[in-house]
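Peer 1: Starting off with a structure, shown below.
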Amino acid sequence: MPYIADSRPAPPTVIGPTTKRATRPSHALPQFLIDNAKAAEKEVFDAEKHLNFQPPKSVTTMKEIGLSGHGISPVAVSEPFPLFSPEAISQIRAEIFSEPVLRDCQYSSSFAKNMIRGMGREYVFQRMVEKGKID
Amino acid sequence: MQSTFSSCIRSQLTLYRRRAPFTCDAWSSSELQSFVSQVAGIDLVQAFDYEIANINISINDPSSREKVTAAEGDEEVSAFAWHYDSFPFVCVTMISDCSDMVGGETAIKTPCGDIKKVRGPAMVSLQSEAFSRQEIN
């Protein structure tokens with residue numbers, strides 16, 4: 001009887017970043033990125049106002065890229081589609097380029113020179129409170 | 001100890017409110033998750049709360065207008081090198097208008113070695129645990 005594992009493709013050879021410890025970027029971000037993001041006034045997320053979803057014109061299936069039956073859905077990748085309104089993008093950029101995020105959340109690795117990571121770390125605690133895991 | 005722990009949590013909550021409430025609320029909203037699930041063809045929620053959105057910032061040299069290619073090994077020119085994701089689906093969102101940008105694409109490599117590129121300026125849903133991908137700046 002054939003093993004199920006035999007019908008799967010070989011696992012990929014993982015090539016991880018050579019940066020093994022949390023590392024800050026060596027160059028500061030251009031000031032214009034920070035200045036331009038500051039313009040927005042803070043808003044509370046409102047799905048009605050801040051989402052602008054339009055379905056993608058088409059999707060590419062797993063079958064079309066030679067991976068039929070693999071993964072968790074027949075959809076491999078979609079064409080680009082609108083999701084956020086311009087106001088939402090301003091709000092997100094204002095948070096990314098805010099002082100607390102730039103102070104605490106900037107990282108760099110051999111994969112990407114400028115990353116923001118863990119921007120929602122305090123959110124973990126809020127969710128735990130909401131789920132009743134912490135009183 | 002319990003009360004100390006709780007007050008510590010409370011102060012963390014205050015910090016949270018100062019950091020990225022809009023972004024976290026947006027990605028956690030049932031409306032957004034419903035739209036992304038519709039595209040993905042399966043119900044999805046965010047994988048975990050700690051890193052609800054990770055951001056890669058790519059700054060182009062304005063003097064360089066050469067066409068960027070997605071050839072393997074061109075990691076110097078990409079915002080993020082070729083990689084497999086750990087998650088079944090990722091939602092790649094461009095938060096810059098990349099219509100006049102050099103690059104601004106996400107490339108996926110299929111099992112037969114073909115490279116398919118998807119261009120912004122909006123967003124893309126990818127089942128990318130299953131294949132290698134790269135963002136190009």
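The values are calculated or read from the model by the stated rules, or taken from the named source; none is laboratory data. These figures come from a predicted structure and were not determined experimentally. Glycine gets a Cβ as well: all are built from the backbone with ideal geometry, and neighbour counts include every protein chain shown. The accessibility values were calculated without ligands, DNA or RNA, using every heavy atom of the protein model including side chains. Shrake-Rupley method; radii C 1.70, N 1.55, O 1.52, S 1.80 Å.
Peer 1: Restricting to segment A:83-135, and then to whatever is of a type in the set (D, E) and closer than 17 Å to B:M94 by Cβ, can you tell me which residue is farthest from the other protein chains (Cβ to nearest Cβ)?
Peer 2: Step one: list which residues in segment A:83-135 are of a type in the set (D, E), which gives A:87, A:95, A:99, A:104, A:122, A:130, A:135.
If we keep only those that are closer than 17 Å to B:M94 by Cβ too, we end up with A:87, A:95.
Working: A:E87: 10, A:E95: 4 Å.
Restricting to residues being of a type in the set (D, E) and closer than 17 Å to B:M94 by Cβ, the top hit is A:E87.
Peer 1: Based on what the data block shows, is A:K42 surrounded by fewer than 16 Cβ atoms within 10 Å (Cβ to Cβ) and either at the interface with chain B (Cβ under 7 Å from one of its Cβ atoms) or within 22 Å of B:T23 (Cβ to Cβ) (or both)?
Peer 2: Values: surrounded by fewer than 16 Cβ atoms within 10 Å (Cβ to Cβ): yes; either at the interface with chain B (Cβ under 7 Å from one of its Cβ atoms) or within 22 Å of B:T23 (Cβ to Cβ) (or both): yes.
It is true that A:K42 is surrounded by fewer than 16 Cβ atoms within 10 Å (Cβ to Cβ) and either at the interface with chain B (Cβ under 7 Å from one of its Cβ atoms) or within 22 Å of B:T23 (Cβ to Cβ) (or both).
Peer 1: Pairs, please: C-beta under 6 Å, at least 6 apart or cross-chain, first residue at the interface with another protein chain (Cβ under 9 Å from one of its Cβ atoms) and touching a residue at least 60 places away in the same chain (Cβ under 8 Å) and in segment B:39-55, second aromatic (F, W, Y) and surrounded by 15 or more Cβ atoms within 10 Å (Cβ to Cβ)?
Peer 2: B:A40/B:F89
Peer 1: Can you name the condition, by its number, that B:L15 falls short on among (1) open to solvent by less than 30 Å² (accessible area, probe 1.4 Å); (2) modelled with pLDDT under 55; (3) not in a loop (DSSP other than H, G, I, E, B)?
Peer 2: Every listed condition holds for B:L15 apart from (1).
Peer 1: For segment A:75-97, which positions are open to solvent by less than 30 Å² (accessible area, probe 1.4 Å), touching a residue at least 24 places away in the same chain (Cβ under 8 Å) and of a type in the set (S, T, Y)?
Peer 2: Kept after step one, since they are open to solvent by less than 30 Å² (accessible area, probe 1.4 Å), are these residues of segment A:75-97: A:75-78, A:81, A:83-85, A:88, A:91-92, A:94-97.
If we keep only those that are touching a residue at least 24 places away in the same chain (Cβ under 8 Å) too, we end up with A:81, A:83-85, A:88, A:91, A:94-97.
The one that is open to solvent by less than 30 Å² (accessible area, probe 1.4 Å), touching a residue at least 24 places away in the same chain (Cβ under 8 Å) and of a type in the set (S, T, Y): A:S85.
Peer 1: OK, next. Would you check which residues across segment A:82-135 are farther than 26 Å from B:V39 by Cα, in contact with a Phe, Trp or Tyr (Cβ under 6 Å, 6 or more places away or on another chain) and among the aliphatic types (A, V, I, L, M) and list them?
Peer 2: Once the filter is applied, which keeps residues that are farther than 26 Å from B:V39 by Cα, in contact with a Phe, Trp or Tyr (Cβ under 6 Å, 6 or more places away or on another chain) and among the aliphatic types (A, V, I, L, M), segment A:82-135 yields A:A112, A:M115, A:V124.
Peer 1: Another question, then. What residue, of A:K20, A:K49, is under 20 Å from B:Y84 (Cα atoms), at pLDDT 90 or above and open to solvent by 90 Å² or more (accessible area, probe 1.4 Å)? Spell out how you get there, then give the answer.
Peer 2: Values: A:K49 fails: under 20 Å from B:Y84 (Cα atoms).
Criteria check complete, one pass: A:K20.
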